[in-house]
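Read the structure below first, then the notes.
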Amino acid sequence: MSELDMIKERHSVRNYLDKPIEAEKQEKLKALIDEANEKGNLHLQFIEDSGKVFSRIMNKAMGLSTAPSVIVCIGPDDDTLDERVGYYGEKIVLAAQEMGLNTCWAGTYSGNKVEADIKEGERISIVIAIGYGANQGRPHKSKSFEEVTAGKAEKPDWFVQGVEAALMAPTAINQQKFLITLNDDDTVSITDKGGVLSKVDLGIVKYHFDIASKAARGL
């Protein structure tokens with residue numbers, strides 16, 4: 001199935017079965033992580049046993065403490081880190097969905113419990129809970145096309161499909177604080193309006209838009 005299919009099928013899952021991820025799938029995830037690290041100048045790491053990463057009361061209440069594994073999103077600490085994490089991390093999230101796994105981008109976690117290799121000058125941006133969900137999650141409420149777009153009045157089909165995919169992107173507390181502008185020269189600008197983890201959200205939104213708009217143009 002295509003990444004666009006996965007965008008439509010994937011929803012955030014916060015409750016997981018007591019079932020480990022098979023070694024074969026772990027290897028596939030690690031290969032995808034290696035690719036993301038190389039292309040995105042990142043240091044993402046898969047940790048098989050999430051341990052106490054989700055030990056905070058809020059995580060326990062939401063069910064995230066049941067996640068067997070975690071992808072820790074780390075990279076050189078600069079102004080672009082969060083956006084790069086969102087963009088390249090979402091590719092892994094969609095691939096995990098195709099493998100039959102479920103995920104949840106999680107901004108709340110116990111940072112001092114994360115057993116990851118964090119080099120000097122790096123920081124954790126966010127973590128991704130991953131495993132076999134107790135359910136498949138559910139669609140989130142969404143803003144309208146008009147609420148998140150600007151620019152030229154006449155919008156081509158590839159732009160419309162890109163925006164529709166962007167509206168299916170997971171965002172922190174479902175804030176959807178982004179704006180997609182079709183410029184006069186038919187280039188696209190995607191910006192965030194601020195908010196909790198909005199730069200990570202921006203990267204995810206850009207990835208969704210790229211996948212759908214390119215598919216619509218046969219690229």
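Criterion first (assigned to a helix (DSSP H, G or I) and under 28 Å from D79 (Cβ atoms)) does G162 satisfy it? Considered against the rule, which asks whether it is assigned to a helix (DSSP H, G or I) and under 28 Å from D79 (Cβ atoms), G162 comes out as yes. From the list T103, T108, T80, the lone residue that is among the polar types (S, T, N, Q) and at pLDDT below 95 is T108. Here the range 115-135 is the region considered, the condition is being β-branched (V, I, T) and under 19 Å from the mean Cα position of the chain (by Cα), and the residue that is nearest to L42 (Cα to Cα) is I124. Scanning the range 29-58 for residues that are within 24 Å of L81 (Cα to Cα) and in a helix (DSSP H, G or I) yields L29, K30, A31, L32, I33, D34, E35, A36, N37, E38, K39, G40.
Results for (1) β-branched (V, I, T); (2) farther than 20 Å from V114 by Cβ; (3) crowded, with 18+ Cβ neighbours inside 10 Å, shown as yes or no for each residue.
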| residue | (1), (2), (3) |
| --- | --- |
| D5 | no, yes, no |
| P20 | no, no, no |
| E27 | no, yes, no |
| A31 | no, yes, no |
| Q45 | no, no, yes |
| E83 | no, yes, yes |
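When the range 157-182 is filtered for residues that are in contact with a strand residue (DSSP E or B) (Cβ under 8 Å, 6 or more places away or on another chain) and of a type outside the set (G, A, S), the ones remaining, listed by number, are F159, V163, P170, T171, K177, F178, L179, I180, T181, L182.
Applying the criterion of being touching a Gly at 6+ places or on another chain (Cβ under 8 Å) and not acidic (D, E) to the residues of the range 83-103, the residue that is farthest from R138 (Cα to Cα) is R84. The combined condition, being surrounded by fewer than 15 Cβ atoms within 10 Å (Cβ to Cβ) and in contact with a Gly (Cβ under 9 Å, 6 or more places away or on another chain), is fulfilled by K113. A single member of Y109, Y87 is in a helix (DSSP H, G or I) and of a type in the set (S, T, Y), and it is Y87. If you go through the range 165-193 and keep only what is under 17 Å from the mean Cα position of the chain (by Cα) and of a type in the set (G, A, S), you end up with A165, A166, A169, A172. Note on the range 182-204: residues that are among the hydrophobic types (A, V, I, L, M, F, W, C), modelled with pLDDT of 95 or more and out of contact with any Asp or Glu (no Cβ under 8 Å at 6 or more places or on another chain) amount to 3.
Scanning the range 132-153 for residues that are at positive phi and outside any loop (DSSP other than H, G, I, E, B) yields one hit, G151.
In the range 1-52, which residue that is among the small types (G, A, S) and in contact with a strand residue (DSSP E or B) (Cβ under 6 Å, 6 or more places away or on another chain) is farthest from G133 (Cα to Cα)? In this case the residue turns out to be S50.
Scanning the range 180-200 for residues that are part of a strand (DSSP E or B) and either assigned by TED's automatic domain parsing to the domain that holds K91 or closer than 22 Å to S125 by Cβ (or both) yields I190, T191, D192. Note on the range 139-174: residues that are of a type outside the set (S, T, Y) and within 22 Å of I92 (Cα to Cα) amount to 15.
The values are calculated or read from the model by the stated rules, or taken from the named source; none is laboratory data. It should be emphasised that the depicted structure is a prediction, and the values quoted were computed from it without experimental measurement. Counting neighbours? That spans all protein chains shown, and the Cβs are built from the backbone with ideal geometry, glycine included.
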